C-alpha cells in the first residue's frame, strides 16, 4: 500500500468500508425478503432505482423514501420494516480503527465525507455513541454527508464543496475511500487519494503495527 505523502496535513476519511464495517448484500437480501427484486445492483454500491440515489442526495425526506420503496414492493411494508432492511448493511465500527483516529488527530486534521442518508446517519450515530460513549463527530474537525451537501461522491462538485467549506488545500489533503471511482474523483479535485479495502490494514498505511 502506498505511503502517506509528506506534504499531507489533512485527511478525509470515507465511512463505510473504511471505518465502519458494512455488507450491502445484507440490505439486498433484506429488501428481497420484502419482495424488492432487482432494484438494487448486486455489486453493492450502485443503486439502480432513483429512490436510493435521491435519498443519498438529500432530495427525499425519510417519509418520501419509504413511500418510494413501498411503490416498488408487491405487498405493504411498515416504516420499521423498510428502515430495518435499509440499515441491515451496517455492521459495526472497528475499535482498532477508532483508536487509530485518536492517534492521527495529534498529527493531522481529520475529516469525514460519506455518501449516506438520514436514516443511516441516525442509525450509525446511535450505534457509535452507544459503543464508544461520545459522538462520532468528535473524531473530526468536521464531518460531511452527501444528503446534507446534496452532492454524492464521486462528483467533482461534492469534493469541491468539502474542500471549500473546510478551507483545505487539496495538495495538502489525502482522501481515503473503499471505492476506486471515488478516489479517482478526489484526484480530479487535486487531492492525494488512497483506494482502501478491508483486506488491507489502515494501521499499515500510517506506518503503525
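Since every read-out is calculated from the coordinates, none of them should be taken as a lab result. On a predicted model such as this, the values are computed, not experimentally measured, just so you know. Here the Cβ is made from the backbone with ideal geometry for all residues, glycine too, and neighbour counts use every protein chain on show.
Results for (1) in contact with a strand residue (DSSP E or B) (Cβ under 8 Å, 6 or more places away or on another chain); (2) closer than 23 Å to residue 23 by Cα, shown as yes or no for each residue.
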residue: 84; (1), (2): no, yes
residue: 100; (1), (2): no, yes
residue: 107; (1), (2): no, no
residue: 116; (1), (2): yes, yes
residue: 119; (1), (2): no, yes
residue: 141; (1), (2): yes, no
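So which helices (runs of 4 or more DSSP H) are wholly in region 92-209 and hold at least 1 residues that are under 18 Å from the mean Cα position of the chain (by Cα), touching a residue at least 60 places away in the same chain (Cβ under 8 Å) and more than 27 Å from residue 6 (Cβ to Cβ)?
Details: elements: 95-104, 118-132, 146-149, 156-166, 180-188, 202-205.
It comes to 118-132, 146-149.
Which count do you get for residues in region 9-37 that are closer than 23 Å to residue 183 by Cβ and buried (at least 17 other Cβ atoms within 10 Å of the Cβ)? Talk me through it step by step, then tell me what you get.
Step one: list which residues in region 9-37 are closer than 23 Å to residue 183 by Cβ, which gives 9-25.
From the residues that got through so far, the ones that are buried (at least 17 other Cβ atoms within 10 Å of the Cβ) too are 10-20, 22, 24.
Residues that pass the stated criteria total 13.
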